[in-house]
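The values are calculated or read from the model by the stated rules, or taken from the named source; none is laboratory data. A quick note: this is a predicted structure, and the numbers were derived from the prediction, not measured. Positions of Cβ are generated from backbone atoms using ideal geometry, with glycine treated the same way; all protein chains shown enter the neighbour counts. Each accessible area value is taken on the protein alone, full model and side chains, heavy atoms only, with ligands, DNA and RNA left out. Shrake-Rupley method; radii C 1.70, N 1.55, O 1.52, S 1.80 Å.
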Amino acid sequence: TQLLEQSPQFLSIQEGENLTVYCNSSSVFSSLQWYRQEPGEGPVLLVTVVTGGEVKKLKRLTFQFGDARKDSSLHITAAQPGDTGLYLCAGAGETSGSRLTFGEGTQLTVNP
Amino acid sequence: DSGVTQTPKHLITATGQRVTLRCSPRSGDLSVYWYQQSLDQGLQFLIQYYNGEERAKGNILERFSAQQFPDLHSELNLSSLELGDSALYFCASSPSGTPYNEQFFGPGTRLTVL
């Protein structure tokens, strides 16, 4: 069974601060996705990383896939209250079309 | 808007009852996934269908069943409901031909069992 551990579980920061969320596993994933979920709504796909060492940027969000494809990080620069939400990482196994394994999520609160 | 639709948005029922949740995937997506999300257990994969056939099973109870119809919409049936079945139920779909299994989620159905 593939497991993904996210840390921290909860994060409360002030507007303008930087933060990093981590997603770790002992398993290798063919790709890893990050989702953001707001209360009462479905998760929204932010990015997919597929190559070891890959870095992708989405405005103030920077996503990195570990060299061994076992871990990933999400860094937010100058956080804003609109960034508040539950951030989920999800890994796809080595088999094409295989199901996603989701982490428990990081609940981020950005205070104005 | 992800393009995935789910009905109903909210459902309140009593223990022992049976309910059906409906999902329509994005146009062209053949795969449909069902997830349960509760406060203490996060997002749990239940079952996957691909073009009408069951593809993978996760932590789905025997009281729960699903199917995908020829028009690709899917239904999740929950029977003999218990208080602990109260949760958000999400459907997701993914495009064919991609190895990355990117999934697009619907808005969810909030089930409350009283």
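Here is how the numbers come out for the structure above:
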read-out	value
Residue that is nearest to the other protein chains (Cβ to nearest Cβ) [pool: residues in segment A:1-60 that are of a type in the set (A, V, I, L, M) and free of Cβ contacts under 8 Å to residues at least 12 places away in the same chain]	A:Val44
Meets criteria (open to solvent by less than 40 Å² (accessible area, probe 1.4 Å), more than 14 Å from chain A (Cβ to nearest Cβ) and touching a residue at least 60 places away in the same chain (Cβ under 8 Å)) for B:Val4	no
Segment B:98-110, subset surrounded by fewer than 21 Cβ atoms within 10 Å (Cβ to Cβ) and within 24 Å of B:Arg63 (Cα to Cα), residue farthest from the other protein chains (Cβ to nearest Cβ)	B:Arg110
Those residues of segment A:45-62 which are over 30 Å from B:Lys9 (Cα atoms) and open to solvent by less than 70 Å² (accessible area, probe 1.4 Å), in sequence order	A:Val49, A:Val50, A:Gly52, A:Gly53, A:Glu54, A:Arg60, A:Leu61, A:Thr62
Residue list for segment B:73-97, filter: within 14 Å of chain A (Cβ to nearest Cβ) and open to solvent by less than 30 Å² (accessible area, probe 1.4 Å)	B:Ala87, B:Leu88, B:Tyr89, B:Phe90, B:Cys91, B:Ala92, B:Ser93, B:Ser94
Residue satisfying all of: in segment B:55-65; touching a residue at least 12 places away in the same chain (Cβ under 8 Å) and within 14 Å of chain A (Cβ to nearest Cβ); most open to solvent (accessible area, probe 1.4 Å) among these	B:Arg55
Failed condition for A:Ala78, given (1) open to solvent by 10 Å² or more (accessible area, probe 1.4 Å); (2) farther than 19 Å from B:Glu102 by Cβ; (3) in contact (Cβ under 8 Å) with a residue 60 or more places away in the chain; (4) part of a strand (DSSP E or B)	(4)
Among residues of segment A:21-44, those that are within 21 Å of A:Thr77 (Cβ to Cβ) and open to solvent by 40 Å² or more (accessible area, probe 1.4 Å), counted	4
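Here is a yes/no grid of residues against (1) under 19 Å from A:Val44 (Cα atoms); (2) open to solvent by 30 Å² or more (accessible area, probe 1.4 Å); (3) within 14 Å of chain B (Cβ to nearest Cβ):
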{"site": "A:Gln64", "(1), (2), (3)": "yes, yes, no"}
{"site": "A:Arg69", "(1), (2), (3)": "no, yes, yes"}
{"site": "A:Ser73", "(1), (2), (3)": "yes, no, no"}
{"site": "A:Thr101", "(1), (2), (3)": "yes, no, yes"}
{"site": "A:Gln107", "(1), (2), (3)": "yes, yes, yes"}
